[in-house]
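Colleague: Quick one: structure below, then a few questions.
The values are calculated or read from the model by the stated rules, or taken from the named source; none is laboratory data. For clarity, every value in this text was computed on a predicted model and none was experimentally measured. We place every Cβ from the backbone using ideal geometry, glycine too, and count neighbours over all the protein chains shown.
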Amino acid sequence: MRVVLDTGILIAALITTDTPPALIYQAWRKGRFEMVTSEWQLDEFRRVSRYPKLRRFLKPVEAGNLVSGLRHQATILETLPTVELSPDTDDNAVLAMAEASQAQFLVTGDKKDLLALGTIGGTRIVSARKFVEALGI
């Protein structure tokens, strides 16, 4: 099963424990699903993880380990198709990852733009909690 996690889910997985994002990240590390990412998302993650408001919660070494893990274990898309379904251009890039990979799930906490769409192509757009339920954990 191919899955795209938006950057907010990845960040939340590192700064929280025993929450749906953390459980999803652990399930991926155990090989429960194939994670799909992209060069765009890796760049966005590096940028977001350096925000001053996150620095007190997120250690640089943890962020670096996540990026390294993604580079070694995730499917990395080099190029993305143009998708223009959301007013937020960063959301469009995440949707493009789901479309390009034909992911079964896109997991997000973005209620306003992404979750409101429900699907893109054959990809279900779900909350972290719903995806944890789908994994049975």
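Colleague: Determine whether the range 23-34 contains at least one residue that is assigned to a helix (DSSP H, G or I) and β-branched (Val, Ile, Thr). Write out each step before concluding.
Modeller: The first filter runs over the range 23-34 and keeps only residues assigned to a helix (DSSP H, G or I), leaving 23-29.
From what is left, the residues that are β-branched (Val, Ile, Thr) are 24.
Within the range 23-34, one or more residues are assigned to a helix (DSSP H, G or I) and β-branched (Val, Ile, Thr).
Colleague: Still on this structure, I have one more. Asp18 is checked against (1) of a type in the set (Asp, Glu); (2) at pLDDT below 95; (3) under 13 Å from the mean Cα position of the chain (by Cα) and fails just one. What number does that condition carry?
Modeller: That leaves (3) as the condition not met.
Colleague: Taking the range 19-76, which residues are basic (Lys, Arg) and either more than 23 Å from Val132 (Cα to Cα) or touching a strand residue (DSSP E or B) at 6+ places or on another chain (Cβ under 6 Å) (or both)? Before you say what the answer is, go through the steps one by one.
Modeller: Taking the range 19-76 and keeping what is basic (Lys, Arg), we get 29-30, 32, 46-47, 50, 53, 55-56, 59, 71.
Residues satisfying the conditions are Arg46, Arg47, Arg50, Lys53, Arg55, Arg56, Lys59, Arg71.
Colleague: Then there is this: Given the criterion at pLDDT below 95 and farther than 24 Å from Gly118 by Cα, identify the matching residue among Ser49, Ser86. Give the derivation first.
Modeller: Working: Ser86 fails: farther than 24 Å from Gly118 by Cα.
So the residue among Ser49, Ser86 that is at pLDDT below 95 and farther than 24 Å from Gly118 by Cα is Ser49.
Colleague: Here's something else I'd like to know. Scan the range 15-60 residue by residue and report those that are aliphatic (A, V, I, L, M) and in contact with a Phe, Trp or Tyr (Cβ under 8 Å, 6 or more places away or on another chain).
Modeller: Taking the range 15-60 as the starting set, the residues that turn out to be aliphatic (A, V, I, L, M) are 15, 22-24, 27, 35-36, 42, 48, 54, 58.
Passing the criteria: Ile15, Ile24, Ala27, Met35.
Colleague: Another question, then. List the helices (runs of 4 or more DSSP H) that sit entirely inside the range 40-137 and contain at least 1 residues that are under 14 Å from the mean Cα position of the chain (by Cα). Explain how you work it out, then say what you get.
Modeller: On the way: elements: 52-55, 60-73, 89-101, 128-135.
Once the helices (runs of 4 or more DSSP H) in the range 40-137 are filtered for at least 1 residues that are under 14 Å from the mean Cα position of the chain (by Cα), what remains is 60-73, 89-101, 128-135.
Colleague: Under 7 Å between Cβ atoms, at least 6 apart or on separate chains: pull out the pairs that start in the range 112-129 with a residue that is charged (D, E, K, R) and end on any residue that is in a strand (DSSP E or B).
Modeller: Matching pairs, first to second residue: Arg124/Phe105.
Colleague: In the range 9-21, what count of residues is obtained for those that are surrounded by fewer than 18 Cβ atoms within 10 Å (Cβ to Cβ) and part of a helix (DSSP H, G or I)?
Modeller: Matching residues across the range 9-21 total 1.
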